[in-house]
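One structure is given here, and the rest of the page talks about it.
Read-outs throughout are calculated quantities, based only on the coordinates presented, and are distinct from any laboratory measurement. Computed from a predicted model, the values in this text were never measured in an experiment. A quick note on method: Cβ atoms are made from the backbone with ideal geometry, for glycine too, and the neighbour counts reach across all protein chains shown.
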Amino acid sequence: MGKAMGALGIALGSLMLGLAAQPAMAGDHFDEKYEVTGKTLLDRIQIEDLLRGYYHDFHTLGAAVATRYFAPDAVFDANGQVFRGREEIAKVYQSIADRPPEKNGLFQMMMGPPLIRIEGDRATAVIVWTGIMNDTLTAPPRFIEQGREYDILAKYDGHWRIRKRTVITDSGLPAQWLPTYVRRAEGFDPFADEPKP
């Protein structure tokens with residue numbers, strides 16, 4: 001039995017390696033077709049890990065979010081308010097971490113499945129995010145806010161980092177952003193004006 005299972009494992013591993021070596025065509029993704037290879041699949045996993053880590057850490061890690069997840073020349077556009085470089089971005093995330101904790105309940109941010117496109121050492125990601133408040137153990141959760149995120153990512157020393165992050169809140173906009181909120185016009189392209197390397 002053990003030899004049979006080992007042989008089956010070797011056969012499945014060989015099949016997976018063979019599939020990974022062959023380019024496959026993805027369906028309509030950002031209105032185009034593009035190759036999916038073993039390398040792009042690995043890049044996709046690394047980008048998803050980066051984004052999930054960011055959503056896990058951003059409201060508690062403070063200024064360290066800037067160096068852990070953003071490129072040195074990153075641009076962060078939050079509802080039209082633009083921050084450039086890690087130093088400015090670090091101040092934003094430190095202000096989030098410095099907010100008084102919720103007196104009751106637990107606030108969590110849920111990231112929807114990202115739509116990722118890999119183009120060599122550059123990638124784009126589109127995410128729908130939802131802020132959820134858990135008031136008590138027995139009460140149902142409440143939706144607090146929701147919006148979209150558009151990211152341009154690039155590899156730095158072999159690691160993916162966010163080069164440009166555009167956040168658009170669609171509901172539940174926190175009061176601190178109201179004075180500078182910019183409603184995006186029809187046809188707005190969040191992937192335009194990429195930071196120069």
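Among the criteria (1) in contact with a Gly (Cβ under 7 Å, 6 or more places away or on another chain); (2) within 25 Å of LEU61 (Cβ to Cβ); (3) surrounded by fewer than 13 Cβ atoms within 10 Å (Cβ to Cβ), the one GLU145 does not fulfil is (3). Examine the stretch 144-156 for a residue that is more than 14 Å from PHE76 (Cα to Cα), in contact with a helix residue (DSSP H, G or I) (Cβ under 9 Å, 6 or more places away or on another chain) and of a type in the set (D, E, K, R), and state whether such a residue exists. Yes, the stretch 144-156 contains a residue that is more than 14 Å from PHE76 (Cα to Cα), in contact with a helix residue (DSSP H, G or I) (Cβ under 9 Å, 6 or more places away or on another chain) and of a type in the set (D, E, K, R). When the stretch 31-85 is limited to residues that are surrounded by 14 or more Cβ atoms within 10 Å (Cβ to Cβ) and of a type in the set (Asp, Glu), the one that is farthest from ALA123 (Cα to Cα) turns out to be ASP57. Restricting the search to the stretch 148-180, which residues are in a helix (DSSP H, G or I), in contact (Cβ under 8 Å) with a residue 24 or more places away in the chain and either of a type in the set (A, V, I, L, M, F, W, C) or surrounded by 14 or more Cβ atoms within 10 Å (Cβ to Cβ) (or both)? Scanning the stretch 148-180 gives a single hit, TRP177.
Taking every residue in the stretch 33-61 that is free of Cβ contacts under 8 Å to residues at least 12 places away in the same chain and pairing it with any residue that is outside any helix (DSSP H, G or I), at least 6 positions away or on another chain, the pairs with Cβ-Cβ distances below 6 Å are LYS33/MET25.
Here TRP129 does not fit the description of being within 19 Å of ALA71 (Cα to Cα) and in contact (Cβ under 8 Å) with a residue 60 or more places away in the chain. When the stretch 111-126 is filtered for residues that are within 19 Å of PHE58 (Cα to Cα) and without any contact (Cβ under 8 Å) to a residue 24 or more places away in the chain, the ones remaining, listed by number, are GLY112, PRO113. Selection of the stretch 109-144 for residues being farther than 27 Å from ARG44 by Cβ and either charged (D, E, K, R) or within 12 Å of the chain's Cα centre (by Cα) (or both) yields ASP135, ARG142. Among the residues making up the stretch 145-159, a single one is within 18 Å of THR169 (Cα to Cα) and among the aromatic types (Phe, Trp, Tyr): TYR150.
Elements of the type strands (runs of 3 or more DSSP E) sitting completely within the stretch 28-147 and holding at least 2 residues that are over 16 Å from HIS159 (Cβ atoms) and of a type in the set (S, T, N, Q): these cover 122-134.
Could you list, in sequence order, the residues of the stretch 43-67 that are of a type in the set (D, E, K, R) and closer than 22 Å to GLY131 by Cα? Selection gives GLU48, ASP49, ARG52, ASP57.
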